[in-house]
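The values are calculated or read from the model by the stated rules, or taken from the named source; none is laboratory data. The shown structure was predicted, so the numbers you read here are calculated from the model rather than taken from an experiment. Here the Cβ positions follow ideal geometry from the backbone for every residue, glycine too, while neighbour counts run over all protein chains shown. The accessibility values were calculated without ligands, DNA or RNA, using every heavy atom of the protein model including side chains. Shrake-Rupley method; radii C 1.70, N 1.55, O 1.52, S 1.80 Å.
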Amino acid sequence: MRAKLRMMSFRKVEAPILAAVFLDLLGFGMIIADIQLRAESMVPHGWPTGLIVGCLLASTFITQLIVSPRWGSYSDQKGRKAVVVGCTLISAVAMLTYGLAGSIWILLLSRILSGFGAANVAVAQALISDMYGPEQRTAALGRIGAALSAGLVVGPSVGGFLAASGGNLLVGFVAGTASLIGAVWMLLALPNPRPKEAKERKKIVGLNLGLLRDLPKLKPLVVIAVVAWLSLATLEGTFARLISHLFRYDQREFGVIFGYESILGVAVQGLLLAWIVTKFRPTNLLRGAYLTQGVGLALNPFAGLLMPAVAPFVLLIVASTLYAIGSSISNPTVNGLCSQLAPDSRQGELFGLLQGARSFGFVVGPLVGGVLFDWHPAAPYLLAGAVCVGAAFLVPRIDP
């Protein structure tokens, strides 16, 4: 089947997937720029703000943690197209619901719906993996990462200005429309190849750990993936509050900074990663990437203190540069190593598991980050930076 898929043109398979991932993450990025401050404004008086905002952000990933492995395994058995299109449609509905939210409870509903549809990226990664051999997968997954990052270049910047002028109604409508376009594009353009195996698998309940039992070398890689997403979740879960609290910045500045990080992600993953992976061992890449990522995270809350004569925005850009370079190398490298260890017939299951690992990081990150932020704004960034440095020391144990 892989040989047949490789014979299909880029236009028929990879281009629609990359376009749909871009459009869905464009919408997701618009909401990222608004949701923290929007949720903070809707928290009832007297409730613990950091904990409530953290729970709201974590709800997406609790849902995703439960359903993504099921979607991935189902795509292995029944085919990728129906799952990736269906999940993207659910994602679009979630964004439209966000636009209609007038209370913390409707915001919560929109986040839960988002979790149900979030497996679209994991299944898209599995479909891309079907097309390539092990030696080409890291670069191909890097292109998926570049499409994801490209959506996050435009999304937060546009979303910040839309939120400032039209509130969550305008943000949700534009974001949902973008995701809906991606779903229709895939529905019309993607082929529907037969799944690799027709045999019945046992039912997947929650996070499927059977793959880890069958392939024990995956365990340290999945731990590394959790660490990476934990640090990212801590950043995304508190960054808008941080720059508002310390520097009086709003959604616009958040959108510009987040968009800048994503531009670097596009450049590294889309243009440089295919070359970089031929020059360095994966373990060395991961070690350096996590160290760089950790330093970038830890610098954020000190942007106004380290060089008082320099505008905090400049030092936030420096910290974002370090973080973006590290994360744009580490994430596709971990995914590529995992994909090499899993058999072709279980790639959807694998990427569902990795999506679950991402979800776990995004459950813990906003909750811990929100509580720590209320205690001291610098605390979640110091913790996340230390966790990334710790991950760097785990890397030598994960050679496949």
Checklist line | Flag if residue 293 is among the polar types (S, T, N, Q), under 20 Å from the mean Cα position of the chain (by Cα), at pLDDT below 85 and part of a helix (DSSP H, G or I) | finding: no
Note to self: If the requirement is being of a type in the set (A, V, I, L, M), assigned to a helix (DSSP H, G or I), open to solvent by 10 Å² or more (accessible area, probe 1.4 Å) and in contact with a helix residue (DSSP H, G or I) (Cβ under 8 Å, 6 or more places away or on another chain), which of these qualifies: 353, 367?
What the structure shows: 367
Notebook entry, point to check: With respect to residue 109, is the statement that it is surrounded by fewer than 24 Cβ atoms within 10 Å (Cβ to Cβ), under 30 Å from residue 372 (Cβ atoms) and out of contact with any Leu (no Cβ under 6 Å at 6 or more places or on another chain) true?
Noted result: yes
Next item on the list: Any chance you could count how many residues in region 216-267 are touching a Pro at 6+ places or on another chain (Cβ under 6 Å) and crowded, with 19+ Cβ neighbours inside 10 Å?
Entry: 8
Note to self: Restricting to region 302-322, and then to whatever is touching a residue at least 40 places away in the same chain (Cβ under 8 Å) and open to solvent by 10 Å² or more (accessible area, probe 1.4 Å), can you tell me which residue is farthest from the chain's Cα centre (by Cα)?
What the structure shows: 304
Notebook entry, point to check: Looking only at region 35-66, which residues are open to solvent by less than 50 Å² (accessible area, probe 1.4 Å) and among the hydrophobic types (A, V, I, L, M, F, W, C)?
Noted result: 35, 37, 39, 42, 43, 52, 53, 56, 57, 58, 61, 65
